[in-house]
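Read through the structure below, which is laid out as structure tokens, and then see the notes.
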Amino acid sequence: MKTDLPIQNSMKKTNMVLQLGGAVLLLAGSSSLSSVQAQSASTNEVWQAPARATRKPNPVPADAKSLEQGKQLYVAACLPCHGPAGKGDGPAAATLERNGVRVRPGNLSDPKLWEETDGALFWKLTEGKTPMPAWAETLSEEQRWLIVNYIRTLAPKPDSNHVIAKTGGN
């Protein structure tokens, strides 16, 4: 029977390690789940401009000159996070966080962007929302409108059955 004792001790140790490992995995899993839930909650929230901002008309016509100027500004200010096509895949996108939770930049190539007015987009550029900076101090009002005009070129217009909220500019 003395030969069984080392085996029993070994089995007890193995069992204890498995139980401890299971507890660690359970804690890690619930921690990961909480992180995923927090990320989901923070990234699924809708960022809406106030009504007064949505009604603000775009004073800058969306002509070839303004689109080219808007593109240059976009490349300098927006491309690092939003990417060249506005898909939210810029070189800095992977580093963005809000309240310790990873977030993705908005997809400016999504046709749903047309549901927002130029005024709403202008307000978002102006006010920012962490990690996106508020551009009011860095870019002039005209420069922000130029970027709005350029951003409109990134998203295809939806079919005619879809509501377009765009005002001014184009």
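It is to be established whether one or more residues within region 86-97 are in contact (Cβ under 8 Å) with a residue 40 or more places away in the chain and either touching a His at 6+ places or on another chain (Cβ under 7 Å) or not in a loop (DSSP other than H, G, I, E, B) (or both). Don't jump to the end; show me each part of the working.
Let us first name the residues in region 86-97 that are in contact (Cβ under 8 Å) with a residue 40 or more places away in the chain, namely 86.
Cutting the leftovers down to either touching a His at 6+ places or on another chain (Cβ under 7 Å) or not in a loop (DSSP other than H, G, I, E, B) (or both) gives us none.
No, region 86-97 contains no residue that is in contact (Cβ under 8 Å) with a residue 40 or more places away in the chain and either touching a His at 6+ places or on another chain (Cβ under 7 Å) or not in a loop (DSSP other than H, G, I, E, B) (or both).
Given the condition in contact with a strand residue (DSSP E or B) (Cβ under 7 Å, 6 or more places away or on another chain), in the same structural domain as VAL60 (by TED's automatic domain parsing), more than 25 Å from ARG52 (Cα to Cα) and part of a loop (DSSP other than H, G, I, E, B), answer yes or no: does some residue in region 114-133 qualify? Reasoning before the result, please.
First, the residues of region 114-133 that are in contact with a strand residue (DSSP E or B) (Cβ under 7 Å, 6 or more places away or on another chain): 130-131.
Still in the running and in the same structural domain as VAL60 (by TED's automatic domain parsing): 130-131.
With the extra rule that they be more than 25 Å from ARG52 (Cα to Cα), the set shrinks to none.
No; the residues of region 114-133 include none that is in contact with a strand residue (DSSP E or B) (Cβ under 7 Å, 6 or more places away or on another chain), in the same structural domain as VAL60 (by TED's automatic domain parsing), more than 25 Å from ARG52 (Cα to Cα) and part of a loop (DSSP other than H, G, I, E, B).
I'd like the full set of residues that are surrounded by fewer than 20 Cβ atoms within 10 Å (Cβ to Cβ) and touching a residue at least 24 places away in the same chain (Cβ under 8 Å), limited to region 136-153.
In the first step, residues of region 136-153 are kept if they are surrounded by fewer than 20 Cβ atoms within 10 Å (Cβ to Cβ); the result is 136-143, 153.
Within region 136-153, THR138, LEU139, GLU142, GLN143, THR153 meet the criteria.
Residue pairs, Cβ under 6 Å, 6 or more apart or interchain, first in region 40-68 and closer than 16 Å to GLU141 by Cβ, second at pLDDT below 95 and hydroxyl-bearing (Ser, Thr, Tyr). List them.
Sorted first by the residue in region 40-68, then by its partner, the pairs are PRO57/THR167.
Looking only at region 75-85, filter to residues that are assigned to a loop (DSSP other than H, G, I, E, B) and touching a Pro at 6+ places or on another chain (Cβ under 9 Å); which one of those is surrounded by the most Cβ atoms within 10 Å (Cβ to Cβ)?
Our first condition is that a residue be assigned to a loop (DSSP other than H, G, I, E, B); within region 75-85, this holds for 78, 83-85.
Retained after the next criterion (residues that are touching a Pro at 6+ places or on another chain (Cβ under 9 Å)): 78, 83.
Values: CYS78: 23, GLY83: 20.
It comes out as CYS78.
The values are calculated or read from the model by the stated rules, or taken from the named source; none is laboratory data. Just so it is clear, the model here is predicted, and its values are computed rather than measured. Don't worry about glycine lacking a Cβ; one is built from the backbone with ideal geometry, like all the others, and counts go over all protein chains shown.
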